[in-house]
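The next block holds one structure in the form of structure tokens; read it before the comments.
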Number of protein chains: 2
Amino acid sequence: MAKNDSCSIRLVHDDVVKRVKRKLKSEEIFVRLADTFKALDDPTRVKILYALSLNELCVCDISALLDVSESAVSHQLRVLRNMRLVKFRKEGRIVYYSLCDDHILALISQGLEHVNEK
Amino acid sequence: MAKNDSCSIRLVHDDVVKRVKRKLKSEEIFVRLADTFKALDDPTRVKILYALSLNELCVCDISALLDVSESAVSHQLRVLRNMRLVKFRKEGRIVYYSLCDDHILALISQGLEHVNEK
DNA sequence: CAAATATATGAACATATATTCATATATTAG
DNA sequence: CTAATATATGAATATATGTTCATATATTTG
């Protein structure tokens, strides 16, 4: 409202904005991308994923490993399952979780590189 | 594979848990890692970063590009600045933002690969 | 069958967060 | 100097989210 015409015409870099706009992905892609990162935005979930990159683990293992209640672990695993970040196999009563694929570890490794800089 | 070690009450794979525990990063690393991903967990911020990977842009540009108020853009840019994901240069009244380094684009690209799978 | 075990889930609560609005700061023009 | 402009920021609000607690489901064992 404030700066429709005057700002747009004089100060916005109209050509650049138009060019970049053409290269933007769809709204849906960005939402799904953000949702993927959202699955990684919690320390407990990152720990779970990192641990699973080292070994497949059952809920009970993860709970003991991270000192988080089994219920909390189960809730977090559901988030990770929904985002197709982890898969599982059942062996009797025990459910073993592991990473869906190598992208997940690649993502975390990239994040670690950024964190470790400076 | 023995399941119940004598010293644990619950059914835990004690050896595996201990081995994985030794390889875990510090609490601080995981928190910073999660914080990094948290900066990417919002559609608006992902769009901003993706746009900045195509071209440096001022606040006004981003606002027009994404149809988000300049105030909202500014708030989000602060988050990205705090996580050292974007840098800026001032030219008079105009502040031009760009990505800090190539890791950021690498991270987003990895995320896109995961999103684009099936 | 019932009891025990491993995991999953719904509800509730407390905390975190994104946007809006109003205002502040910084820079340039006149 | 004042006015205008580009961006930044604090407060408020509405929404989202993580954990806990209680309970449910599924599987094995006796």
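Below is a table of values for the structure above.
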read-out	value
Scope segment A:9-34; condition in a helix (DSSP H, G or I) and more than 8 Å from chain B (Cβ to nearest Cβ); matching residues	A:I9, A:R10, A:D14, A:D15, A:K18, A:R22, A:E28
Residue that is surrounded by the fewest Cβ atoms within 10 Å (Cβ to Cβ), among those in segment B:78-109 that are near DNA strand C (Cβ under 10 Å from one of its atoms) and more than 10 Å from chain A (Cβ to nearest Cβ)	B:G92
Single condition B:P43 does not satisfy, out of (1) surrounded by fewer than 17 Cβ atoms within 10 Å (Cβ to Cβ); (2) within 14 Å of DNA strand D (Cβ to nearest atom)	(1)
Positions within segment B:97-118 being acidic (D, E) and part of a helix (DSSP H, G or I), in sequence order	B:D102, B:E113
Among residues of segment A:39-79, those that are free of Cβ contacts under 8 Å to residues at least 60 places away in the same chain, among the hydrophobic types (A, V, I, L, M, F, W, C) and under 16 Å from A:A106 (Cα atoms), counted	6
For A:L40: the one exception among (1) facing chain B (nearest Cβ under 7 Å); (2) more than 8 Å from DNA strand C (Cβ to nearest atom); (3) part of a helix (DSSP H, G or I)	(3)
Tally of residues being within 16 Å of DNA strand D (Cβ to nearest atom), within 17 Å of A:L40 (Cβ to Cβ) and over 13 Å from the mean Cα position of the chain (by Cα) across segment A:78-118	2
B:L65, sole failed condition from (1) near DNA strand C (Cβ under 10 Å from one of its atoms); (2) within 9 Å of chain A (Cβ to nearest Cβ); (3) buried (at least 20 other Cβ atoms within 10 Å of the Cβ)	(1)
Condition broken by B:I48, with the remaining ones in (1) at the interface with another protein chain (Cβ under 7 Å from one of its Cβ atoms); (2) in a helix (DSSP H, G or I) satisfied	(1)
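Residues are listed down the side, and each one gets a yes or a no for (1) modelled with pLDDT of 95 or more; (2) touching a strand residue (DSSP E or B) at 6+ places or on another chain (Cβ under 6 Å); (3) farther than 17 Å from B:V17 by Cβ:
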{"residue": "A:R10", "(1), (2), (3)": "no, no, yes"}
{"residue": "A:F37", "(1), (2), (3)": "yes, no, yes"}
{"residue": "A:L65", "(1), (2), (3)": "yes, no, no"}
{"residue": "A:V73", "(1), (2), (3)": "yes, no, no"}
{"residue": "A:L80", "(1), (2), (3)": "yes, yes, yes"}
{"residue": "A:Y97", "(1), (2), (3)": "yes, yes, no"}
{"residue": "A:D102", "(1), (2), (3)": "no, no, yes"}
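The values are calculated or read from the model by the stated rules, or taken from the named source; none is laboratory data. Values in this document were obtained by computation on a predicted structure and should not be read as measured data. Note that each Cβ is placed from the backbone with ideal geometry, even for glycine, and that neighbours are counted across all protein chains shown.
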